[in-house]
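Peer 1: Dropping a structure here in structure tokens format, bear with me for questions.
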Amino acid sequence: MLNQKKSSGLSTDSHFVRVVAVTGGKGGVGKTNVSINLSIALSQREQRVLLLDADLGLANIDILLGLKPERNLEDVYSGECDLADVIVEGPHGIRIIPASSGTQSMAQLGHQQHAGLINAFSEMANDIDVLVVDTAAGISDSVVNFIRAAQEVLVVVCDEPSSITDAYALMKLLNRDYGVNSFRIIANQTRSEKEGRALYERLLATTDRFLDLMLRYEGEVPYDDSLRKAVQKQKAVMDVFPQAVSSKAFNRLADQLLKWPVTSAPSGHLEFFVEQLVEGSNGR
């Protein structure tokens with residue numbers, strides 16, 4: 001049973017929700033592990049965290065954590081249950097909205113479903129401090145819509161040419177077509193601090209030359225055998241190996257995230273997040 005405070009409805013003017021989209025362009029860069037472990041680190045800092053599996057085609061947060069949810073976003077979209085009914089509790093009190101393979105896209109939702117989803121998120125706003133959105137790989141409409149709706153975009157890259165290329169392509173699309181001009185970069189699976197910084201500098205050199213946007217480097221997550229072992233156990237490394245080098249990196253990232261400026265505009269509200277998501281899918 002989840003311990004949630006009763007919400008009176010829409011978020012109040014004094015409470016803003018950080019909405020962070022974790023993305024990467026390329027698949028296999030480790031963004032879901034970043035999403036999960038960052039969420040746990042934030043929860044350990046007394047943040048009320050909601051983790052949304054936004055890979056509507058190949059959901060995997062529940063698999064990585066060994067969870068077996070009875071319902072998922074597809075049931076919400078089809079009107080079979082409310083958003084609160086699909087939330088499952090993960091390690092260290094994080095709350096998770098699972099998705100599933102074959103879920104219909106936002107573009108297929110009717111107006112009633114749009115309104116219901118907006119209202120459902122809005123009613124939860126006072127019970128959440130951070131919404132972490134784990135996007136799908138690639139640059140599909142669904143990925144773009146989730147990123148555009150978020151307040152902050154954390155791009156995960158690793159030392160592979162295709163990772164840098166795909167991350168650049170994603171940022172180029174968002175910048176050129178939708179005016180998104182601020183991205184935060186995390187280098188994953190690095191062999192050294194120097195390697196992580198070099199990855200960022202490589203990406204920065206390309207974006208500075210061709211795009212009008214701002215990149216901020218948020219550090220690196222070292223290659224860690226403990227993380228691989230945690231995945232095999234279907235556990236989070238923050239949970240089973242809290243002293244591992246990767247766990248320490250996720251703690252640093254959480255500390256940095258909590259220092260990111262919080263906008264005083266309504267863009268921090270969950271209501272705004274879903275409204276933007278709906279507008280994005282309708283505007284395609």
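Peer 1: Among the residues in region 133-146, are any aliphatic (A, V, I, L, M), farther than 28 Å from Arg95 by Cα, out of contact with any His (no Cβ under 9 Å at 6 or more places or on another chain) and surrounded by fewer than 21 Cβ atoms within 10 Å (Cβ to Cβ)?
Peer 2: Taking region 133-146 as the starting set, the residues that turn out to be aliphatic (A, V, I, L, M) are 133, 136-137, 139, 143-144.
With farther than 28 Å from Arg95 by Cα added as a condition, the list becomes none.
Checked against the condition, which is being aliphatic (A, V, I, L, M), farther than 28 Å from Arg95 by Cα, out of contact with any His (no Cβ under 9 Å at 6 or more places or on another chain) and surrounded by fewer than 21 Cβ atoms within 10 Å (Cβ to Cβ), region 133-146 yields no hits at all.
Peer 1: Right, Ser246: among the polar types (S, T, N, Q), in a helix (DSSP H, G or I) and modelled with pLDDT of 95 or more or not? Steps first, please.
Peer 2: Values: among the polar types (S, T, N, Q): yes; in a helix (DSSP H, G or I): yes; modelled with pLDDT of 95 or more: yes.
Judged against the criteria, Ser246 is a match.
Peer 1: If you take the residues of region 206-227 that are in a helix (DSSP H, G or I) and either polar (S, T, N, Q) or modelled with pLDDT of 95 or more (or both), which of them is surrounded by the most Cβ atoms within 10 Å (Cβ to Cβ)?
Peer 2: Of all residues in region 206-227, those in a helix (DSSP H, G or I) come to 206-210, 225-227.
Right, trim to either polar (S, T, N, Q) or modelled with pLDDT of 95 or more (or both) and you get 206-207, 225-227.
Numbers: Thr206: 16, Thr207: 20, Asp225: 11, Ser226: 16, Leu227: 27.
Only one residue tops the list, namely Leu227.
Peer 1: Something else about it: Do we find that Leu277 is modelled with pLDDT of 90 or more and either assigned to a helix (DSSP H, G or I) or surrounded by fewer than 17 Cβ atoms within 10 Å (Cβ to Cβ) (or both) in this structure? Steps first, answer last, please.
Peer 2: Details: modelled with pLDDT of 90 or more: no; either assigned to a helix (DSSP H, G or I) or surrounded by fewer than 17 Cβ atoms within 10 Å (Cβ to Cβ) (or both): yes.
Spelling it out, it is not the case that Leu277 is modelled with pLDDT of 90 or more and either assigned to a helix (DSSP H, G or I) or surrounded by fewer than 17 Cβ atoms within 10 Å (Cβ to Cβ) (or both).
Peer 1: Working only within region 209-225, note down all residues that are closer than 13 Å to Ile185 by Cβ and not hydroxyl-bearing (Ser, Thr, Tyr).
Peer 2: Of all residues in region 209-225, those closer than 13 Å to Ile185 by Cβ come to 213-221.
Scanning region 209-225 gives Leu213, Met214, Leu215, Arg216, Glu218, Gly219, Glu220, Val221.
Peer 1: Can you name the condition, by its number, that Phe146 falls short on among (1) part of a loop (DSSP other than H, G, I, E, B); (2) of a type outside the set (S, T, N, Q); (3) under 20 Å from Gly27 (Cα atoms)?
Peer 2: Looking at each condition in turn, Phe146 falls short on (1).
Peer 1: Another question, then. In region 228-241, how many residues are in a helix (DSSP H, G or I) and not hydrophobic (A, V, I, L, M, F, W, C)? Outline the logic, then answer.
Peer 2: Keep residues of region 228-241 that are in a helix (DSSP H, G or I), which gives 228-232, 237-240.
Within this subset, residues satisfying the condition of being not hydrophobic (A, V, I, L, M, F, W, C) are 228-229, 232, 239.
Result for region 228-241: 4.
Peer 1: Is it the case that region 51-59 has a residue that's without any contact (Cβ under 8 Å) to a residue 12 or more places away in the chain and either farther than 19 Å from Val274 by Cα or within 17 Å of the chain's Cα centre (by Cα) (or both)?
Peer 2: Filtering region 51-59 down to residues without any contact (Cβ under 8 Å) to a residue 12 or more places away in the chain leaves none.
No: zero hits.
Peer 1: May I ask you to list the residues in region 172-196 that are surrounded by fewer than 18 Cβ atoms within 10 Å (Cβ to Cβ) and under 23 Å from Pro261 (Cα atoms)? Before the answer, list the steps.
Peer 2: First, pick out the residues of region 172-196 that are surrounded by fewer than 18 Cβ atoms within 10 Å (Cβ to Cβ): 172-173, 176-179, 181-182, 191-195.
Answer for region 172-196, where residues must be surrounded by fewer than 18 Cβ atoms within 10 Å (Cβ to Cβ) and under 23 Å from Pro261 (Cα atoms): Tyr178, Gly179, Asn181, Ser182.
Peer 1: State whether the residues of region 213-220 include one that is closer than 20 Å to Ser35 by Cα and in contact with a Gly (Cβ under 6 Å, 6 or more places away or on another chain).
Peer 2: Taking region 213-220 and keeping what is closer than 20 Å to Ser35 by Cα, we get 215-220.
Going one step further and asking which of them are in contact with a Gly (Cβ under 6 Å, 6 or more places away or on another chain), we end up with 220.
So far as region 213-220 goes, yes, one or more of its residues are closer than 20 Å to Ser35 by Cα and in contact with a Gly (Cβ under 6 Å, 6 or more places away or on another chain).
Peer 1: Determine if region 188-199 includes at least one residue that is at pLDDT 95 or above, β-branched (Val, Ile, Thr) and over 17 Å from Leu52 (Cβ atoms).
Peer 2: So far as region 188-199 goes, yes, one or more of its residues are at pLDDT 95 or above, β-branched (Val, Ile, Thr) and over 17 Å from Leu52 (Cβ atoms).
The values are calculated or read from the model by the stated rules, or taken from the named source; none is laboratory data. Values in this document were obtained by computation on a predicted structure and should not be read as measured data. Quick reminder, even Gly has a Cβ in these numbers, built from the backbone with ideal geometry, and neighbours come from all protein chains shown.
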